[in-house]
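K.L.:
Starting off with a structure, shown below.
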Ligand SMILES: [Mg+2]
């Protein structure tokens, strides 16, 4: 193992607490479109279920919501709902519990980068909302990069830009294929944050898992360097 010089993060479900973020957006959505209803818990859970943790295409999600939900009066157009999502969702972005401390701590010693799959406008909007833009030396969003994880090209773009070797980088993400397999395929060290498996405790376990594994990884790299 070479000395680690850069720590590269995924965004959704790694630095961004997507479960809390989407739930917060769902509440805003319901307040806006369903204030004629007294009981909205069932609608809230249904929207969260249909979203499939963000992996469902939003156009498909809003088509389903238009068909299924008990709208009052004129039903909005899908485009209106997509525009509502683009502007409102980013405002709901919430960091993982204590992620700010982790970023601030490692920022002092390591190059920091972020590689995220998604739409340029939304991913950058969330990064701004979280207030973490200035903590990263490099941010790659798949839409503007023209390639997405797990394609090795997006990871190669990062190391080329950072002028590092893959083994000098540790990649931290929650998705076993997009993040872990993708980064490992070009030779990066990887840390798998198993957020979705521990679903409801995600924010609480994040700091522990992330920090412990990161420290182990960096310790190993330093020991090896000393040998
Ligand atoms: Mg993710």
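Each reported figure results from applying straightforward, stated rules to the coordinates on display, with no laboratory input. None of the values given here were measured: they were computed from a predicted structure. Ideal geometry is used to build each Cβ from the backbone, glycine not excepted, and the neighbour counts take in all protein chains shown.
K.L.:
Compute the long axis of helix 120-130 from its Cα atoms, compare it with the longest principal axis of the Cα atoms of the chain, and write down the angle in degrees, 0 to 90, nearest 10.
P.N.:
Orientation of helix 120-130: about 80 degrees from the principal axis.
K.L.:
Continuing with this model, one more query. Mind checking the full-extension length gain between residue 119 and residue 59? Use 0.36 nm per residue of separation minus the Cα-Cα distance, one decimal, nm.
P.N.:
Working it through step by step, the gained length comes to 20.3 nm.
K.L.:
Relative contact order, percent, of the range 19-91 when contacts are C-alpha pairs under 8 Å separated by at least 6 residues?
P.N.:
36
K.L.:
Rounded, prolate or oblate: pick one for the range 107-182, where a ≥ b ≥ c are the square roots of the eigenvalues of its C-alpha gyration tensor, a/c under 1.5 means rounded, and failing that, prolate if a/b is larger than b/c, else oblate.
P.N.:
Oblate, because a/c is 1.5 or more while a/b does not exceed b/c.
K.L.:
Mind running the shape call on the range 10-164? Use the C-alpha gyration tensor, a ≥ b ≥ c as the square roots of the eigenvalues: rounded below 1.5 for a/c, prolate if a/b tops b/c, oblate otherwise.
P.N.:
prolate
K.L.:
For residue 144 and residue 44, FRET efficiency with R0 = 41 Å and r from the beta-carbon atoms, rounded to 0.05?
P.N.:
My answer for the efficiency is 0.80.
K.L.:
Also, quick follow-up: If I take R0 = 22 Å and measure r between the Cβ atoms of residue 134 and residue 219 in this structure, what FRET efficiency does the formula 1/(1 + (r/R0)^6) give, to the nearest 0.05?
P.N.:
That pair, residue 134 with residue 219, gives E of 0.20.
K.L.:
Expressed in nm to one decimal, what extension gain is obtained for the pair residue 161 and residue 32 from 0.36 nm per residue of sequence separation less their Cα-Cα distance?
P.N.:
Full extension of this stretch gives 42.2 nm more.
K.L.:
Next up: Distance from a point 7 Å along Cα→Cβ of residue 104 to each backbone N in the range 1-26: keep the residues under 19 Å and list them by number.
P.N.:
Only 15-17 pass the distance filter.
K.L.:
Going by alpha carbons, how many degrees (0 to 90, nearest 10) lie between the helix axis of 58-68 and the longest principal axis of the chain?
P.N.:
The answer is roughly 30 degrees.
K.L.:
Taking the beta-carbon count within 10 Å as an exposure proxy, list 72, 63 from fewest neighbours to most.
P.N.:
72, 63
K.L.:
Once the piece of chain linking residue 212 and residue 87 is laid out straight, how much longer is it, given 0.36 nm per residue of separation minus the C-alpha distance between them?
P.N.:
The residue 212-residue 87 span can extend by a further 41.4 nm.
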